[in-house]
Structure formats: C-alpha cells, structure tokens
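Encoded as structure tokens, the structure appears first; notes follow it.
What follows is calculated from the coordinates using simple rules that are stated; it is not laboratory data. As the structure is a computational prediction, the values presented were derived from the model and not from experiment. Please note: Cβ atoms are built from the backbone with ideal geometry, for glycine as well, and neighbour counts cover all protein chains shown.
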Amino acid sequence: MKLEEAILEYERRRKESLKRIEKLRQKYNKWLNKKKKELLKALERLEKAKPPKNVDKRLLQIVEADRRNYTGSMKHVLEGILTVDDLGKRLPDIAKVHVDYGKRVMILFEKEIYAINSILKELSEGYAEFRAELERATPPDIDIAGKLEDLRRVRWELKEKRKALSELSERLENEREKLEVVISSEKFESVDRELREVSSRVRSIELELRSKVSKLQKPLKRMRLGGIADEVAKSSGVALERPEEFLSLLVRVHPRLDGKARKSAEWLLKNFEEKVSELSNLRETLRELEKRREELLVEVKPLQDELDTTERELALLREEVKKLERKLSRIEAELRDELEKLENYLGKKIEVSF
C-alpha cells in the first residue's frame, strides 16, 4: 500500500471511530442519567428513613449528623457529574463520602446504605466498561503528515546550512592565503630572521656569562661579604643587572679565589665588560627589530581579525549543522515508529521512502 493511500485510509477509519466514540458516549451518558436518578431516589429514601426505636441518644445524634453530611455531600458531588467523563473524575469523591460518613450511617440504616452501595458499585463497574470500550474504539494517534513536514523542513534547513558552511570554509581558506602572503613577504621574513638570530645571540651570551658567574657563587657565599656578593651568590643574573658593581666586587675577591672559581674570575675580568656591552647593544637591536615587527603587524591585524571572526562563525555554523543532523536522525526514527504504528493499525505493509 502506498503511503498516500495509507494516510487516507487512516483518516477514514479515524472518522468512523470518532463517530462510534460519540455514540458510545451518548449511550453511557444516558445510562449515567438513569443511575443518577436511582441514586438520588436511594438518597431520598435514606433521608426519610426512620431510625430504630430505643437507640442510644448519643449514638443517634452522631448517626443523624453523618446522615445529613452523607446525603448532602453525595448530592453535591452528583451535581457536578453531567457526563460519563465527569463520572470518572468524581468517582474518588463519591468513594470518599461513602466511606467517611457511610460507615457510621450504616449502623442504623443498613438497608438504605446497602442499596446505595449497590448503585455505586454499578456506577464504578459501568465506568470501567465505558473505558474499556472507549479504548477499543479509539484509533492510535498517528501523525505521519506532520512528521513528513518536519522531515522536509529540517532537510531543507540542513541543506542550506551545509551550503553556507561550504561557502564559509572557502572564504576562510582565501583569508588564510591572503594572510600567509603578507606574513611570508620578504620584509616579514627578513625581520623574523634577524629577530631569531639576535635573540639566539643574546641567550648565548647570557648563558655563557651566567655559567662563569655561577662558579663564583659558592666561594662568595663562604666569604659572607654581604651586599651584592650575597645577592650574586643567590642569583647569577644579578651580575648582568648590575655589571659595574659586580666588576668592582670581582676585582676585590679575585686574589682570594682558587681553582675553577679563579679561572672563571680571570675570564670575567678579561671579557665581562666587553660581553655586557655587546649584550646591551644586542638588546637595543632586539628592541628595534621588535618595534619594526610590530609596525609590520599593523598591516596584518585587519586580516588576522577578519580571519578570527570567520573562524568563530565557522565554529558556530558547524555546531548548528551537528544539531540539525541530530534532529534529522530523531525525526527519521520517529517517522519510522509512526509508520510501524500505521502498518499495525491498517494491517498492511506500506511502501515509503524518505
């Protein structure tokens, strides 16, 4: 059976079922009205019934109070029951009144309460029968057309998002190429190369000097001279930060050194000033190169900002595509479930592709 035919057949059967349900409700509403009249008459008989003679006055007072509450409350509940559906909602209220007040009223009016109880039982059983018939007559809730519409809409959205994703990815690649062209230009490469070379030379000199100074740290610590001597003993970098003070210290302590410490001190006395001067010049060159690089990066910044913006947009768009793919999978699964329900209801295999 084709899907279009299956949907039409479902709608036809559904309309027939709704007509049967309406007739069913009319049938049970008519039955309900009859039972309400019987119950009201039974309540009137209870109201008019005479209590047995020679009953304890205290007991009589309690039962009479409960009889008034019982009949009044039961009538009040019945006023709110107009249809069989109302009956289902108010059965718990009827049961509560019957139990709360009826158990004591029954002490003196057993016959009347049994008569009412019999009608209440018929009401409960009749409603259960109505629900069973209603369940058999009610068609399953199947929304193939709605699910297909959802499927078409999400597929269209997914197609558009994927198209936008492809276009944005292409744009991002173009922006990267533009940025790469600028960054890989001769000016950039030249400055970067010089920066690397000068930085390497600065690190090399610093390492060489600090290595020589480190050999003096233990002797300086043992001498306990205080001031810069103690500071150098803790950190060799102090010698580079305060070269003049360090050289002055070196001249004073050089005669008291021996071994590796003395050799390092002699090397430092000979080369330290020149190395520090070179280091100062290299650092100045480094600052100039970094400044030049920053100036060149000003040209790159708009391109980099544009690239960053596009990357953020692309990440958001990818997430939207993933959400739509998950939604599409969910709708396809729901549609398969709906089709299975429809096939079971119609008892026929349905030809469909989606």
Check: Rg (Å, one decimal) plus Dmax (Å, integer) for the alpha carbons of the range 108-221?
Finding: 43.9, 119
Notebook entry, point to check: Under the Karplus relation 6.51 cos²θ - 1.76 cosθ + 1.60, θ = phi - 60°, what is the ordered set of whole-Hz ³J(HN,Hα) values for the range 44-50, x standing for Gly and Pro?
Noted result: 5, 5, 5, 4, 8, 4, 8
Checklist line | Three principal axis lengths of the range 3-139 [C-alpha, angstrom, descending] | finding: 78, 21, 19
Check: Tilt of helix 84-105 relative to the longest C-alpha principal axis of the chain, in degrees (0 to 90, nearest 10)?
Finding: 70
Check: Nearest 10 degrees, 0 to 90: what angle lies between the long axis of helix 259-346 and the longest principal axis of the chain (Cα atoms)?
Finding: 20
Check: Tell me, Kirkwood radius of the range 167-283 from alpha-carbon pair distances, in Å?
Finding: 16.9
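For LYS111 and GLU11, compute 0.36 nm times the residue count separating them, minus their Cα-Cα distance, and round to one decimal in nm. It would help to have the intermediate numbers written out before the result.
On the way: separation 100, 0.36 × 100 = 36.00 nm, distance 5.23 nm.
Fully extending the segment from LYS111 to GLU11 adds 30.8 nm.
Across the range 237-354, how large is the tail of the calculated P(r) beyond 23 Å, expressed as a percent of all Cα pairs?
Numbers: 4774 of 6903 pairs.
Summing the P(r) tail past 23 Å for the range 237-354 gives 69 percent.
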Item checked: Residue with peak Gaussian network fluctuation, the chain [Cα springs, cutoff 10 Å], from ARG45, ARG222, ARG203 -> ARG222
Notebook entry, point to check: In whole Hz, what ³J(HN,Hα) sequence does the range 161-174 give by Karplus (6.51, -1.76, 1.60; θ = phi - 60°), x for Gly and Pro?
Noted result: 5, 5, 5, 4, 5, 5, 5, 5, 4, 5, 5, 4, 4, 5
Notebook entry, point to check: Which FRET efficiency, nearest 0.05, do LEU316 and GLU343 yield, Cβ-Cβ r, R0 51 Å?
Noted result: 0.80
Next item on the list: Give me the distance in nm between label points sitting 7 Å out from Cα along the Cα-to-Cβ direction at ASP230 and ARG136, one decimal.
Entry: 10.4
Item checked: Kirkwood Rh, angstrom, the range 146-346 [1 / mean 1/r, Cα pairs] -> 23.4
Next item on the list: Set the Förster radius R0 to 22 Å, insert the Cβ-Cβ distance between GLU157 and SER353 as r into 1/(1 + (r/R0)^6), and round the FRET efficiency to 0.05.
Entry: 0.60
Margin query: How tilted is helix 243-253 with respect to the longest principal axis of the chain? Cα atoms for both, answer in degrees (0 to 90, nearest 10).
Written below: 60
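Treat every Asp and Glu Cβ in the chain as -1 and every Lys and Arg Cβ as +1, leave all other atoms uncharged, and give the resulting dipole magnitude about the Cα centre to the nearest 20 debye.
On the way: 83 positive and 74 negative charges, 549 e Å.
Rounded to the nearest 20 debye, it is 2640 debye.
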Item checked: Cα-based equivalent ellipsoid, the chain: semi-axes from gyration tensor eigenvalues, Å -> 100, 41, 15
Checklist line | Cα centroid separation, the range 254-320 to the range 118-155 (Å) | finding: 77
Margin query: I'd like the distance separating the alpha-carbon centroids of the range 327-345 and the range 216-253, in whole Å.
Written below: 83
